[in-house]
Structures are given as structure tokens and as C-alpha cells.
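What follows is a single structure, written as C-alpha cells, with notes after it.
The values are calculated or read from the model by the stated rules, or taken from the named source; none is laboratory data. What you see is a predicted model; the values in this text were computed from it and never measured. Neighbour counts are summed over all protein chains in view; Cβ atoms, including those assigned to glycine, are modelled from backbone coordinates with ideal geometry.
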Amino acid sequence: MNFTLIAANLVTLLVPFAKKAMEEFSGEAGKAVFNKISSVFSKVKSFFSHDAVASDTLARFENEPDKYKPFLEDVLKEQLAKNPDFGKEISHLLKEIENDGPQLKIVQKMQKGDNVMGVEAEEIGKAGISVDQDIAEGKNVTGVKAGKIGK
């Protein structure tokens, strides 16, 4: 298990949470993700409660996330390596959060279509996208066109 990657992903997720920027999520999907991140943060806080250095680092991170991000990553790597079961739990929770990301479903049904595009974007992050095109007669039909896909 790659604890360095888990720690980096977790801290990246926690920075906006600590900055309270994620409170601005709108809609039910955003609230669900916010609640899951809040739950992960609480688990980390509880897990760190037995270690003064880890607990202090997390408290400092809460107040100044950008400044203490690298320190929290180091502490997390160390703590996850000491307790692989907790690392597995965090990894599982991160995957759940990733899977709860935005989903976009495009449905196009038409008799004739020229130059039909389902989705065109400069960049597509981790959103789930599906394009269902039912075009009887079509020319230049494209489902998804993206300059960059992924992180």
C-alpha cells in the first residue's frame, strides 16, 4: 500500500475543507461529499488524538492549511505506515469520495444530425461522463472531445 500517495491525496482533499471553501458546495451531491470529507477529517483527528505531535500538526493545519500541508503529509505517511489498517480504511474512504464526484449523462436522439457533439471541453476532471447518441442519419458525430482528461 502506497502510504505516500494516500497521505498526499488525503491532504489535498482536506486543504479546501480546512479553508471552509467546501461549505459553498451547492446541491445534494456537494453536501454528500462535504459530509464524507468531514467524516474522514474527524477520523483522522480521532486517530491522531493519542499522539501529541500528530495532533498538534493537525491543529496547525486547520488554522493554516497551505502552510502546514507538507507537515501534515509527513505525519500522515508516518502514522499510516505504523498502522496499515487505518491506511486501508482511509484509502477506502478516499475511493468512496472520488466515486461520489459529479456525473454527467448526455442523451441525444435524432433522425438526422451533422456535426453532432455530445460533450466538448478543454479539460475534464474526475467527473463521470456518459454520452448516449441515437442518431439515425449522422455525419461527424462525436461523443466526447476533450483536450485533457483526468487530474
- Task: Scan (1) touching a helix residue (DSSP H, G or I) at 6+ places or on another chain (Cβ under 7 Å); (2) free of Cβ contacts under 8 Å to residues at least 12 places away in the same chain; (3) surrounded by fewer than 19 Cβ atoms within 10 Å (Cβ to Cβ) for the single condition Glu64 breaks and write down its number.
- Result: (1)
- Meets criteria (touching a Ser or Thr at 6+ places or on another chain (Cβ under 7 Å), not assigned by TED's automatic domain parsing to the domain that holds Val40 and not small (Gly, Ala, Ser)) for Met117: yes
- Item | region 122-143, subset among the aliphatic types (A, V, I, L, M) and at pLDDT below 75, residue nearest to Lys31 (Cα to Cα) | Ala127
- Restricting region 2-47 to residues that are among the small types (Gly, Ala, Ser) and modelled with pLDDT of 80 or more, the residue that is farthest from Lys82 (Cα to Cα): Ser38
